[in-house]
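Below is one structure, written out as structure tokens; the observations come after it.
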Amino acid sequence: MLKREAGLDHAHGNSPSPLPYENLSKPSVARNAYLDFKDMQVAPSVRQLHRMLPPVTRSALCCDVLNLFMQDASIYAIPVIDEASVPRALIERHAYIEYFSRTYSIEVFGRKPLSQIVDIAPAINNRPIVVDAATSIDDVAAIIIDAGMQHMVSGFIVTDEKKYLGIANGHSLLNSITQRKQDELYYLAHYDQLTRIPNRMLMNDRLHMACREAKRNGTQVGLMFVDLDRFKQINDTMGHGFGDLLLQAVAERLESCIRCNDTVARLGGDEFAVLLVNLPDAREAEITARRIVDYFRLPFSILEREIFITASLGIAIYPVDETESSSLLAKADAAMYEAKQSGRNAFRCYAPGLAMGLMDHSSLESDLRHAIARNELVLHYQPQVSVASGKTIGVEALIRWQHPQRGLLSPAAFIRIAEESGLIIDIGNWVLREACRQQRAWALCHNPPLRMAINISAVQFRRRNFTENVRRIIQETGIDPCHIELELTENNAMHHADDVLNTLRELKRIGVKLAIDDFGTGFSNLSYLQRFPIDRLKIDQSFIRGIENVPANESIVQAIVSLARSLSLETVAEGVETAAEYELTSASACDEIQGYYHARPMPAEDLLNWLSSNQ
Ligand code: C2E
Ligand code: MG
Ligand code: MG
């Protein structure tokens with residue numbers, strides 16, 4: 001009768017093969033947990049979860065079924081099927097054993113087939129819940145809960161086309177669900193939902209652990225802050241769905257640049273962090289950073305379109321730059337900001353003196369308040385050279401802060417603080433006055449006079465009396481306004497474009513020249529560009545960097561130049577460092593070139609010497 005005994009034993013062997021579900025996401029293997037979690041998000045079906053316990057037929061003898069229970073304590077219920085394999089009953093262990101522990105029951109019913117006892121003693125016959133094999137365990141949980149949990153231990157039969165297929169137990173089912181919910185909560189708290197990579201919280205945990213381990217082993221930990229260049233522009237123009245796909249592709253690409261013990265995390269928006277553990281020395285981090293920057297030269301393929309996006313990276317090393325793991329990210333951020341300021345599409349290592357962290361921020365701010373009065377601000381000047389004549393036509397004034405303790409600080413270290421604190425107004429006026437004074441001084445000994453390009457911060461530009469200030473400073477310094485060129489960044493100019501247009505027209509009436517700085521990185525509306533009374537576009541460095549390896553950038557530069565031509569604007573290519581970059585940008589018919597290839601920004605006193613030896 002009980003032909004399936006052997007099968008039953010097998011099904012309840014001592015070492016049952018693990019349930020598929022048991023292998024799923026575990027926090028201890030968190031690096032790849034998100035891969036597992038992808039599968040887990042669809043709740044497993046009862047079939048996946050439960051072993052397929054062989055049933056008995058209605059003609060099986062009662063005492064044989066009792067033996068089955070007695071031999072194997074892990075059998076919680078035995079399914080009963082009819083000749084056509086249709087589930088008929090579920091005999092629950094405790095009820096059955098309890099019934100047969102009465103002596104008369106064994107004597108009277110022991111040798112009878114199940115069909116008889118099941119009909120006579122409904123208490124031992126648990127009416128099974130019949131569910132389809134594909135029913136998810138979440139649905140089954142709902143059934144169990146709706147039924148007031150009374151099936152917690154009795155289990156139910158699972159059918160496929162009404163045929164018996166296996167048996168599931170409510171208790172273990174709920175255990176699995178609880179486990180999965182815990183995993184889910186862990187996942188939600190530690191992983192970024194869009195890219196499925198670790199989030200800031202998990203990254204901080206791992207950073208903390210990595211630093212502890214590095215301390216023990218005498219190794220180092222590298223932390224990289226990665227920020228995409230021009231992501232907002234892509235997101236705004238291509239739509240957020242496209243932006244999301246791009247972020248996912250970026251996460252994948254970053255992961256392909258690291259070793260399996262390292263972590264890529266999404267900090268939010270278009271910001272990522274890369275944690276490099278167990279580094280023998282800091283150069284390893286630079287190698288990885290270079291690999292990432294290089295790899296970003298390849299296009300991303302999103303929705304059958306090829307798109308180029310670059311990244312700016314900042315690196316901070318534990319314990320070289322910082323011994324507190326919690327402050328390391330702020331330093332990597334400061335280094336990233338430096339990479340952005342110096343032209344994007346590059347990496348920078350943290351160096352003392354970069355603005356960072358809140359504490360540092362406020363102390364820098366209070367120092368900055370006195371910087372003008374203490375004569376600590378200086379301007380350096382970088383030549384802008386005509387491609388046609390090879391002559392220096394103008395210079396750009398670039399601010400530096402000679403900090404008494406921290407040394408010479410670049411604008412990346414303090415312009416943001418100056419803007420946030422409002423100090424930029426005084427600083428901006430100082431820059432205007434100093435640059436105008438210097439231009440006048442050079443005009444006396446250098447012919448033709450150099451054009452002086454001056455950066456204007458958005459905060460400064462939006463002040464109601466901005467034009468008035470410019471007019472006053474021009475009068476005070478006695479400079480011819482046609483030698484001044486004010487540089488506005490693209491986003492600054494395009495935001496509230498109607499107000500901007502009025503200010504630009506007023507400035508034009510004063511007689512100064514106007515340039516759009518970092519062109520191509522912001523969000524330009526071509527019709528505004530046409531209406532704005534501007535003179536020059538400064539092509540952003542991110543298009544120039546390594547242009548010989550990025551055909552798309554060469555096309556972008558050519559497109560900007562021809563756009564400028566059609567609007568009767570001149571162009572300056574910024575950040576030209578190498579001969580190859582020089583060749584390609586000048587071949588793209590840019591009018592002027594500014595970059596380390598010709599000269600780095602230099603103090604005023606060096607400029608005349610440089611001019612005389614370089615013209
Ligand atoms: P920017 O106006 O786009 O200035 C160009 C920046 O690129 C300068 O950085 C310059 O030193 C750097 N650069 C020039 N050629 C090359 C090159 O070949 N390779 C590389 N890697 N970099 C090159 P700097 O002086 O650090 O200034 C950064 C930014 O700070 C400026 O970008 C500008 O936005 C801002 N800034 C500078 N001076 C002032 C100022 O007086 N007022 C305001 N509001 N902002 C300023
Ligand atoms: Mg500039
Ligand atoms: Mg620029």
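With neighbours defined as other Cβ atoms within 10 Å of a residue's Cβ, the residues Trp442, Trp401, Trp430 order from fewest to most as Trp430, Trp442, Trp401. Stokes-Einstein diffusion for the range 426-501 at 25 °C, viscosity 0.890 mPa s, with a Kirkwood radius from C-alpha pairs, works out to 187 µm²/s.
Neighbour counting of Cβ atoms within 10 Å sorts the residues Arg600, Arg196, Arg464, fewest neighbours leading, into Arg464, Arg600, Arg196. For the cross-link pairs Lys181/Lys215; Lys181/Lys232; Lys340/Lys508; Lys331/Lys391; Lys181/Lys331, the ones whose C-alpha atoms lie over 32 Å apart are Lys181/Lys215; Lys181/Lys232; Lys331/Lys391; Lys181/Lys331. In a DSSP loop and with at most 16 other Cβ atoms within 10 Å, the chymotrypsin sites (Phe, Trp or Tyr not before Pro) in the range 525-615 are Tyr596.
Taking the Cα centre of the range 326-482 as origin and assigning +1 to Lys and Arg Cβ atoms and -1 to Asp and Glu Cβ atoms, the resulting dipole is close to 320 debye.
Rg then Dmax, both in Å and based on the Cα atoms of the range 200-349: 15.1, 49. Projected label points at Asn549 and Ala580, each 7 Å from Cα along the beta carbon direction, are separated by 0.7 nanometres. Beyond 35 Å, the tail of the calculated P(r) for the chain holds 56 percent of the Cα pairs. Beta bridges from DSSP with both residues in the chain: antiparallel share about 65 percent, rounded to the nearest 5. Kindly state, to the nearest 0.05, the FRET efficiency for Glu255 paired with Glu365, given R0 = 35 Å and r defined as their beta-carbon distance. Calculated value: 0.40. Residues whose amide H falls under 5 Å from that of Val387, counting only those 5 or more places apart or on a different chain, are Glu592, Ile593, with hydrogens built in the peptide plane. When each of Tyr187, Tyr350 is scored by the number of other beta-carbon atoms lying within 10 Å, the sequence from fewest to most is Tyr187, Tyr350. Against the chain, whose longest principal axis is taken from its Cα atoms, helix 466-477 shows a tilt of about 30°. Under the simplified labelling scheme, the Arg505-Ala189 pair shows an inter-label distance of 5.9 nm, with each label point 7 Å from Cα along Cα→Cβ.
Here the label points at Phe242 and Arg212, each 7 Å from Cα along the C-beta direction, are separated by 4.6 nm in the simple model. Count Lys and Arg as plus one, Asp and Glu as minus one, and take only other residues whose Cβ is under 14 Å from that of Glu548; the net charge is then -3. The helix-based estimate of mean residue ellipticity at 222 nm for the chain, built from -39,500 (n - 2.57) per DSSP H run of four or more residues and divided by its residue count, is -14000 deg cm²/dmol to the nearest 500.
Values in this text are rule-based calculations from the coordinates and carry no lab data. None of the values given here were measured: they were computed from a predicted structure. Cβ sites come from the backbone with ideal geometry, for glycine too, and all protein chains shown count toward neighbours.
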